[in-house]
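Some notes on the structure that comes next.
Rule-based calculations on the coordinates, nothing more; no lab input. Predicted, not measured: the structure shown is a model, and the values here were computed from it. Positions of Cβ are generated from backbone atoms using ideal geometry, with glycine treated the same way; all protein chains shown enter the neighbour counts.
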Amino acid sequence: EELAHLIYAGADMIIMPSMYEPCGLTQLIALRYGTVPIVRTTGGLVDTIFDRDYSSKPLTARNGYVFQEADFTGIESAMRRAIGLWHSYPDQFRKLILQGMQYNYSWHRSGEHYLESYESIRL
């Protein structure tokens with residue numbers, strides 16, 4: 001486990017070409033360590049990672065790169081965009097890292113939401 005944490009902390013990007021991912025912790029851990037996730041549009045990956053170039057979220061809320069097809073073309077496209085930003089615009093890449101680190105997917109927020117929902121239907 002210690003080695004895994006060192007890898008997250010030392011990596012600039014992590015690629016997750018998953019075919020199926022109901023939730024996914026890897027991308028959430030990566031965000032906390034400042035590692036930019038590159039993920040396929042499936043399950044929890046697409047629910048938590050918002051493409052820097054194509055998301056409908058505001059630019060300040062984007063936190064990684066997303067690709068559609070689990071083939072060479074899809075993966076290469078997302079990786080080229082990510083590496084291109086890292087290489088040509090390091091200040092923008094650092095901004096993307098910081099935006100990702102600001103996301104909080106902890107149970108604290110979810111727990112409060114569940115309590116509020118429970119309280120609203122209980123009364």
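Here are some notes:
- 15 Å beta-carbon shell around THR48, net charge (K/R +1, D/E -1): +3
- Along its three principal directions, the equivalent ellipsoid of the chain from the Cα gyration tensor extends over semi-axes of 27, 16, 15 Å, largest first.
- Positive-end residue, region 48-123 charge dipole about Cα centroid, Cβ charges, pick of HIS113, ASN63, TRP86: TRP86
- Highest average first, the peptides 110-122, 70-82 ordered by how many other beta carbon atoms sit within 10 Å of their residues are 70-82, 110-122.
- With contacts taken as Cα pairs under 8 Å at a separation of at least 6 residues, the chain carries a relative contact order of 22 percent.
- Sum of side-chain charges, GLN68 neighbourhood, beta-carbon under 14 Å (Lys, Arg +1; Asp, Glu -1): -3
- Residues whose placed amide H lies under 5 Å from that of MET16, excluding near-sequence neighbours: ILE38, VAL39, ARG40
- FRET efficiency, 1/(1 + (r/R0)^6) with R0 22 Å, evaluated for VAL46 and ASP91 via beta carbons: 0.20
- Total formal charge among the other residues, if their Cβ is under 15 angstrom from that of MET101, Lys/Arg +1 and Asp/Glu -1: +4
- Shape category assigned to region 1-72 from the gyration tensor of Cα positions, a/c cut at 1.5: oblate
- Most fluctuating residue given options VAL46, VAL66, VAL36, as computed from a GNM of the chain linking Cα atoms under 10 Å: VAL46
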